[in-house]
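A.B. asks: Take this structure first; my questions come after.
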Amino acid sequence: MLDFVKIVVELEAKDAFRIGAGGGRAEPGGVDNEVFRLVNSNGRYDVIVPGSSLKGVFRNSLYSLQKRISEKKCGIGSETSCNLENCFVCDTYGGTKKASRVFFENLSGTAKTGIKYEVRIDYNTGMAGGGGPRQMEYVAKQSTFTGHITCRDVELANIGAILVTINELHLGLRRLGGGKSRGFGQVDMKAAGVEVLSSNGLDTALQQYFNEDKDASSVLLKSYKLKKDQYDAFQEICINEMIEKLNSIKSDCPSL
């Protein structure tokens, strides 16, 4: 069991992608479908990648893996709750009965945006519909973002699930955001760094803290940052643990 793992991720748009802000048609002169923004400390609105959108991608990735390897489906998505015993998806990313072990922060960075114009089609006639072209704002190619994925009280298998999805995004096997069937969503994600705090390290830090040791904070912050060769080995171990976990679910649970 690992008390705390922080994965620094970097994301680059390999092509245009969009995560919409929601809402209906814009006011006259505005854009119909804007990308998601949050106001910063200077009062300006910055384009971000919402943590909720990232979590959806990672959860769907593990949903597919669990269904393929263990032949067991997580109930969330098709139902309001999951009744699958030992569901690894819910164990990792939470569900109606479990809190998530993994927390996705919003990714911020340097983004350029553009506007794509699409014609509405009347599917009854097969011709252009009324109302004029639809404006679709997107995040432009080569825009970059960075942020963290943090995990608490996780097993190596849980980390393996996260690293698999990062690799899928890196290889272009999974896309981000909306409009995927219309060419949006190809991004490159990489793990730029991994920081691990083991249970022994945390126990030592807390013990010194409650003993009013002046150096307790420095002990707590001395978590283990993996070097490149260590990360490669750590990744292989975690993914193997994830596969073993999914195979154990196949043998333990009756099929749905």
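A.B. asks: From the list V139, V89, pick out the single residue that is buried (at least 16 other Cβ atoms within 10 Å of the Cβ) and in contact with a strand residue (DSSP E or B) (Cβ under 7 Å, 6 or more places away or on another chain).
C.D. replies: Numbers: V89 fails: in contact with a strand residue (DSSP E or B) (Cβ under 7 Å, 6 or more places away or on another chain).
On inspection, the qualifying residue turns out to be V139.
A.B. asks: Exactly one condition in (1) assigned to a loop (DSSP other than H, G, I, E, B); (2) more than 22 Å from S248 (Cβ to Cβ); (3) of a type outside the set (A, V, I, L, M, F, W, C) is not met by G56; state its number.
C.D. replies: So the condition that G56 fails would be (1).
A.B. asks: Of all residues in the range 55-78, count the ones that are over 17 Å from L173 (Cβ atoms), of a type in the set (S, T, N, Q) and buried (at least 16 other Cβ atoms within 10 Å of the Cβ).
C.D. replies: Our first condition is that a residue be over 17 Å from L173 (Cβ atoms); within the range 55-78, this holds for 55, 70-78.
With of a type in the set (S, T, N, Q) added as a condition, the list becomes 70, 78.
Now drop any that are not buried (at least 16 other Cβ atoms within 10 Å of the Cβ), which leaves 70.
Count: 1.
A.B. asks: Still on this structure, I have one more. Among the residues of the range 81-125 satisfying the criterion of being aliphatic (A, V, I, L, M) and assigned to a loop (DSSP other than H, G, I, E, B), which is farthest from the chain's Cα centre (by Cα)? Show your work before the answer.
C.D. replies: Pass one, the range 81-125, residues aliphatic (A, V, I, L, M): 84, 89, 99, 102, 107, 111, 115, 119, 121.
Still in the list and also assigned to a loop (DSSP other than H, G, I, E, B): 84, 99, 111, 119.
Numbers: L84: 23, A99: 16, A111: 19, V119: 32 Å.
Out of the qualifying residues, it is V119.
A.B. asks: Conditions first: (1) over 25 Å from Y117 (Cα atoms); (2) outside any helix (DSSP H, G or I); (3) touching a residue at least 60 places away in the same chain (Cβ under 8 Å). L173 passes all but one, so which condition is the exception?
C.D. replies: (3)
A.B. asks: Being within 26 Å of E236 (Cβ to Cβ) and either surrounded by fewer than 19 Cβ atoms within 10 Å (Cβ to Cβ) or modelled with pLDDT under 95 (or both) narrows it down to one of A111, A192, so name that one. Outline the logic, then answer.
C.D. replies: Values: A111 fails: within 26 Å of E236 (Cβ to Cβ).
Sole residue among the options that is within 26 Å of E236 (Cβ to Cβ) and either surrounded by fewer than 19 Cβ atoms within 10 Å (Cβ to Cβ) or modelled with pLDDT under 95 (or both): A192.
A.B. asks: Being touching a Lys or Arg at 6+ places or on another chain (Cβ under 8 Å) and either more than 25 Å from E71 (Cβ to Cβ) or at pLDDT 85 or above (or both) is the requirement here; does E241 meet it?
C.D. replies: So E241 fails the test.
A.B. asks: For I166, are the conditions met, namely being at pLDDT 95 or above, buried (at least 17 other Cβ atoms within 10 Å of the Cβ) and part of a helix (DSSP H, G or I)?
C.D. replies: Considered against the rule, which asks whether it is at pLDDT 95 or above, buried (at least 17 other Cβ atoms within 10 Å of the Cβ) and part of a helix (DSSP H, G or I), I166 comes out as yes.
A.B. asks: Can you tell me which residue in the range 65-80 is nearest to T165 (Cα to Cα), limited to those that are out of contact with any Lys or Arg (no Cβ under 9 Å at 6 or more places or on another chain) and in a helix (DSSP H, G or I)?
C.D. replies: Filtering the range 65-80 down to residues out of contact with any Lys or Arg (no Cβ under 9 Å at 6 or more places or on another chain) leaves 65, 68, 75, 78-80.
Cutting the leftovers down to in a helix (DSSP H, G or I) gives us 65, 68.
Values: L65: 10, R68: 15 Å.
Here the residue is L65.
Matching residues to (1) small (G, A, S); (2) touching a residue at least 24 places away in the same chain (Cβ under 8 Å); (3) farther than 26 Å from F184 by Cα:
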position: D32; (1), (2), (3): no, yes, no
position: R37; (1), (2), (3): no, no, no
position: V49; (1), (2), (3): no, yes, no
position: S61; (1), (2), (3): yes, yes, no
position: E71; (1), (2), (3): no, yes, yes
position: T110; (1), (2), (3): no, yes, no
position: K116; (1), (2), (3): no, yes, no
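The values are calculated or read from the model by the stated rules, or taken from the named source; none is laboratory data. All values reported here derive from a predicted model rather than from experimental measurement. Here Cβ is always computed from backbone atoms with ideal geometry, including for glycine, and neighbour counts include all displayed protein chains.
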